[in-house]
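To start, the structure itself, in structure tokens.
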């Protein structure tokens, strides 16, 4: 009688060999045409500078937009299954979701007060 985990271990081994083999094959076979643009860090087309533009603080707008996306993304991910199973979750589901919405509202209000929704 064989161990039931042997096929899983074999598949993990095959996947590991294929992954490492692909990386090794691309390093050996792939073209090596390096230029200045490929060797630089990715900076979205902007020339990298050692300090923030103007030498001051880095603007917080970028982080506020990212926070907004994360807040609403997480909210939708949790609200959709709750809405699908609303009748089965009953009062416990309603109380849990109200608590979740309250916790999501805190960073939303923070961002609103910081001016994250005011575009210039």
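Read the figures in this text as sums done on the coordinates, not as results from a lab. Predicted model only: the values in this text are computed from it and were never measured. For neighbour counting, all protein chains shown are included, and Cβ atoms are generated from backbone atoms with ideal geometry for every residue, glycine included.
Taking the number of Cβ atoms within 10 Å of each Cβ as an exposure proxy, the fewest-first ranking of 28, 71 is 28, 71. What does the C-alpha gyration tensor say about the overall shape of region 57-114? Classify as rounded when a/c is under 1.5, otherwise prolate if a/b is larger than b/c, or oblate. Verdict is prolate for region 57-114. Going from the residue with the fewest nearby Cβ atoms within 10 Å to the one with the most, 105, 2 rank 2, 105. Net length available on complete extension from residue 84 to residue 109 is 6.3 nm, with 0.36 nm assigned per residue and the Cα-Cα distance removed.
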